[in-house]
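The values are calculated or read from the model by the stated rules, or taken from the named source; none is laboratory data. Keep in mind it's a predicted model, so treat the numbers as computed, not measured. Every residue, glycine among them, receives a Cβ derived from its backbone with ideal geometry; neighbour counts consider all protein chains shown. Protein only, heavy atoms only, side chains kept; ligands, DNA and RNA dropped before computing areas. Shrake-Rupley method; radii C 1.70, N 1.55, O 1.52, S 1.80 Å.
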Amino acid sequence: MLQLKYKEIPEHTRKFMKKAIDSDYDYYDYAVNKIKELFPSQEVHILNSANSCIFTITEALPEPILVPDEGGWNGLQRSAKILNKQVQEISTSNGIINTENLSKYFENNDVGSLYITSLSAYTAEQPVKEIYELCNLYDVIFILDISGSMGDEKLSNTEYADIQVSSTGSPKIVNIENGGFINNITQKIKLNNHLLKTFKADNITCAGIYENIDYAEQIYNKTLKANTYLKKQLINKLKDDKIHHIIHENEYGLNVIITAESKSKAKKLSYNIRTQLSITKNKSIITTGPNYNRLKQPCICIETKNLDPSSLTIDNMDKLVEIIINATKE
């Protein structure tokens, strides 16, 4: 049985958040200024959740809103449904947008805005620079979700988006268990003040973000390194497997996706792996597809991003590989 720790608020951040309970400091302003330092912008808002951020952004977006057909975050579609906003999907290659196809889509369709996650399905990077250039060319508002890439110099670069949005919930790079922020970089849209006030984050959440966001690059790089190692080992072990193979073998990300024969076989494989894992808080690092937020095909996702940094060791990754490979043979 492999013992692993699920990602939680770091102790140093937890202590800082506790101090905020009795503090007279307005950590909202402190946290906003810290975000502006790391992600240069004139307008940043911290809200009580990433979904609140997405809802507030969606309310202000021009229609139709374009999203990838898989590998994104369905929070936008849910918000758009409530707001009666039109959403369209563009076909992708396992969640990755082809910029030539995107250019043709913009040429042949009226599009108001585009929302994507910087890491498709948390497993491969989107060509964010090229996408943003196309959006500028066709006057499309580009919203980039950087929840999984804070700390990545390219994917969270403010030069490649009109609006950035990020979750600081669990289990994310900045891990406060709630909260999120909007970075309205180009200010091409005006956000609803009533929604911003309604969803505004509390002082404790802001204190956590203020203290923890400095560690984003460190946490991101450690998770990326562990997941890259895990992926390479699995690619090697599965090279002769005719059924199971790794999606986006040559891309980097924070999880690994392995194909399965069917939805039922994916669930069985997931179960066989989970029975060999003991994860704190009775949590899991295995999800299955079809799933819009990952891939709409039978698969299992090894969510390395869900693990606490203390569990991201080579020894643990080697044991995890052994458990996964044995499960594929059952």
Can you pull out the residues in the range 18-49 that are in contact with a Gly (Cβ under 6 Å, 6 or more places away or on another chain) and either open to solvent by less than 20 Å² (accessible area, probe 1.4 Å) or at pLDDT below 95 (or both)?
47
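Mind listing whichever residues of the range 153-171 are under 23 Å from residue 97 (Cα atoms) and open to solvent by 20 Å² or more (accessible area, probe 1.4 Å)? Quick ask: steps written out before the conclusion?
Of the residues in the range 153-171, the ones under 23 Å from residue 97 (Cα atoms) are 153-167.
Residues satisfying the conditions are 153, 154, 157, 158, 159, 160.
Condition check ((1) under 30 Å from residue 67 (Cα atoms); (2) touching a Lys or Arg at 6+ places or on another chain (Cβ under 7 Å); (3) among the aromatic types (Phe, Trp, Tyr)) across all residues:
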{"site": "258", "(1), (2), (3)": "yes, no, no"}
{"site": "275", "(1), (2), (3)": "no, no, no"}
{"site": "282", "(1), (2), (3)": "no, no, no"}
{"site": "286", "(1), (2), (3)": "yes, yes, no"}
{"site": "328", "(1), (2), (3)": "no, no, no"}
Which pairs have Cβ atoms under 8 Å, sit 6 or more apart or on different chains, and link a residue in the range 3-20 that is within 15 Å of residue 216 (Cβ to Cβ) to one that is among the aliphatic types (A, V, I, L, M)?
7/307; 9/17; 9/176; 13/176
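Take the range 288-305 and flag every residue that is touching a Lys or Arg at 6+ places or on another chain (Cβ under 6 Å) and either of a type in the set (Lys, Arg) or under 24 Å from residue 217 (Cα atoms) (or both).
301
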Filter the range 8-17 down to the residues that are in contact with an Asp or Glu (Cβ under 8 Å, 6 or more places away or on another chain) and over 17 Å from residue 180 (Cα atoms), then identify the one that is least open to solvent (accessible area, probe 1.4 Å).
16
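Residues are listed down the side, and each one gets a yes or a no for (1) of a type outside the set (Lys, Arg); (2) open to solvent by 50 Å² or more (accessible area, probe 1.4 Å); (3) over 30 Å from residue 30 (Cβ atoms); (4) modelled with pLDDT of 95 or more:
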{"residue": "177", "(1), (2), (3), (4)": "yes, yes, no, no"}
{"residue": "180", "(1), (2), (3), (4)": "yes, no, no, yes"}
{"residue": "190", "(1), (2), (3), (4)": "no, yes, no, yes"}
{"residue": "198", "(1), (2), (3), (4)": "yes, yes, no, yes"}
{"residue": "220", "(1), (2), (3), (4)": "yes, no, no, yes"}
{"residue": "229", "(1), (2), (3), (4)": "yes, yes, yes, yes"}
Out of the range 123-152, which residues are farther than 20 Å from residue 222 by Cα, open to solvent by less than 20 Å² (accessible area, probe 1.4 Å) and of a type outside the set (S, T, N, Q)?
128, 131, 135, 140, 141, 142, 143, 144, 145
Among (1) under 19 Å from residue 118 (Cα atoms); (2) touching a residue at least 24 places away in the same chain (Cβ under 8 Å); (3) open to solvent by 10 Å² or more (accessible area, probe 1.4 Å), where does residue 204 come up short?
(1)
Candidates 208, 151 - the one that is within 16 Å of residue 8 (Cα to Cα) and not in a strand (DSSP E or B)
208
Identify the single condition in (1) more than 19 Å from the chain's Cα centre (by Cα); (2) farther than 24 Å from residue 167 by Cα that residue 211 does not satisfy, given that it satisfies every other one.
(2)
Are any residues in the range 155-181 touching a Pro at 6+ places or on another chain (Cβ under 8 Å) and not in a loop (DSSP other than H, G, I, E, B), and if so, which ones?
158
